[in-house]
Amino acid sequence: MPVQIYSPFEDSNFSNNTCFLSGQPLNSEEEKIQVFPQWLMSRYKLEDQPFKLLDESMATYKDLKLPCSAIINEKYLEPLENEISAAFEIGYEAVKNIDELKLFQWAGKLLYGIIFNEVQAGIRQQFAQGEEFNISKSIIHKFSHLHLMLQSLNLPIILEDFKPFSLFLFKVNNPEDIFGYRDEINTLTFSLRIKDFGLIICMQDNGANQYYHREAVEKINNQTLHPIQFEEFNGRVFYSAYLFNRLPEYNILPVDDQVFIEAMPLRGMSSKPLFDDWLNKIYGQVLENFWKNWGFLLLEIIKDPENPMSFLFDADGDFIAADTIKLPL
């Protein structure tokens, strides 16, 4: 029997009666999983912490749930959660040994869970105003392809010689019990800083951001980062993800009982660079937000507009050792 790919965005199916991953009907609306897994919420006491949605409404971390069949959860999601939680509890050395696709699937499920809740909130809001739910085609394109790639969890999907994502993992000298989470829904960018590591994933760029930042990654060369250094690199990636101007396309080829996915060339028919121009003033604004904990203001960051403040690299472009960084109290 041919493999059936589920496409919830084709008919805007975001019902609590349908499994988010397989599209199968559920026995009840109570058949759900947490978007932020229970082990993570318990470890960092997140359950009742506020979580702000795009429509400015407030939820808590434990309010965010996904309709999911018990079979899908038991067979595919729980084993993944168990593997990720065990590695995260150990830290960087264990996380770096996890298959990158599994890290992508885990983070992608979490980010898609937030998207699912955002879409449900949008549908409710527009219905209350007597309007049909409307979402831009480019956003649907990104979200639907993320969902497609997530089905590599439960379907025999083979990604043909490509990764749909860029993944950056660093060892970071974090304070104990830090929980630093960020996402950007429009660019499908995810960041998590906990234990002794920091993880950043661009979900839908076919590795373009990894290539864009390759020189910086080579200079860092597996060295431990100060938290402000990680957040600087984080800001660079979130900004470049915003500058990335392609919508990846794929060929989907069902063959017998498998589905092969082939990435189309990102350049396509356009001679335009994959990334729009980097503007230091905008980057400085991003960095100001990422450095909020340390109180640096935009005017300080771009005092020299051609050379924004950096804790990663010195004036010669060389990596700054984390233990030499002195910050104001």
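Please count how many residues of segment 110-141 are in contact with a helix residue (DSSP H, G or I) (Cβ under 7 Å, 6 or more places away or on another chain) and either closer than 25 Å to I84 by Cα or outside any loop (DSSP other than H, G, I, E, B) (or both).
Qualifying residue count, segment 110-141: 2.
What's the number of the condition L247 fails, among (1) closer than 24 Å to I139 by Cα; (2) surrounded by fewer than 20 Cβ atoms within 10 Å (Cβ to Cβ); (3) out of contact with any His (no Cβ under 6 Å at 6 or more places or on another chain); (4) of a type outside the set (F, W, Y)?
It is condition (3) that L247 fails.
Is it the case that L46 is open to solvent by 60 Å² or more (accessible area, probe 1.4 Å), within 21 Å of E184 (Cα to Cα) and part of a loop (DSSP other than H, G, I, E, B)?
When the stated conditions are applied, L46 does not pass them.
For segment 261-292: of the residues being without any contact (Cβ under 8 Å) to a residue 12 or more places away in the chain and over 27 Å from L146 (Cα atoms), which is most open to solvent (accessible area, probe 1.4 Å)?
K292
Are any of the residues in segment 2-9 out of contact with any helix residue (DSSP H, G or I) (no Cβ under 9 Å at 6 or more places or on another chain) and at pLDDT 95 or above?
Among the residues of segment 2-9, not one is out of contact with any helix residue (DSSP H, G or I) (no Cβ under 9 Å at 6 or more places or on another chain) and at pLDDT 95 or above, which makes the answer no.
For I261, are the conditions met, namely being in contact with a helix residue (DSSP H, G or I) (Cβ under 6 Å, 6 or more places away or on another chain) and not hydroxyl-bearing (S, T, Y)?
no
Residues of segment 197-213 being under 11 Å from the mean Cα position of the chain (by Cα) and assigned to a strand (DSSP E or B), which ones?
L199, I200, I201, C202
Which condition number in (1) at pLDDT below 85; (2) in a helix (DSSP H, G or I) is the one that S144 fails?
(1)
May I ask you to list the residues in segment 51-62 that are of a type outside the set (S, T, N, Q), open to solvent by 20 Å² or more (accessible area, probe 1.4 Å), in contact (Cβ under 8 Å) with a residue 40 or more places away in the chain and over 20 Å from G108 (Cβ atoms)?
Across segment 51-62, the qualifying residue is only D55.
Test L153 against the stated conditions and say whether it is open to solvent by less than 40 Å² (accessible area, probe 1.4 Å), not aromatic (F, W, Y) and not in a loop (DSSP other than H, G, I, E, B).
No, not satisfied.
Residue pairs, Cβ under 8 Å, 6 or more apart or interchain, first in segment 111-128 and under 15 Å from T60 (Cα atoms), second open to solvent by 40 Å² or more (accessible area, probe 1.4 Å) and acidic (D, E). List them.
If the second residue must be open to solvent by 40 Å² or more (accessible area, probe 1.4 Å) and acidic (D, E), the pairs left are I114/D183; E118/D55; A121/D55.
Go through segment 189-244 and give me each residue that's closer than 19 Å to I139 by Cα and among the β-branched types (V, I, T).
T189, I201
Report yes if some residue within segment 156-173 is surrounded by 19 or more Cβ atoms within 10 Å (Cβ to Cβ), assigned to a loop (DSSP other than H, G, I, E, B) and over 15 Å from the mean Cα position of the chain (by Cα); otherwise report no.
The answer is no; no qualifying residue exists.
Sort out which residues of segment 63-75 are aliphatic (A, V, I, L, M) and open to solvent by less than 90 Å² (accessible area, probe 1.4 Å), and write them in order of number.
L64, L66, A70, I72
Residues G113, G130: which one is farther than 23 Å from I33 by Cα and either surrounded by fewer than 13 Cβ atoms within 10 Å (Cβ to Cβ) or in contact with a strand residue (DSSP E or B) (Cβ under 7 Å, 6 or more places away or on another chain) (or both)?
Just one listed residue meets the conditions, G130.
The values are calculated or read from the model by the stated rules, or taken from the named source; none is laboratory data. Keep in mind the model is a prediction, meaning the values are calculated, not measured. Cβ sites come from the backbone with ideal geometry, for glycine too, and all protein chains shown count toward neighbours. The protein model used for the area step is the full one, side chains on, heavy atoms only, and it has no ligands, DNA or RNA in it. Shrake-Rupley method; radii C 1.70, N 1.55, O 1.52, S 1.80 Å.
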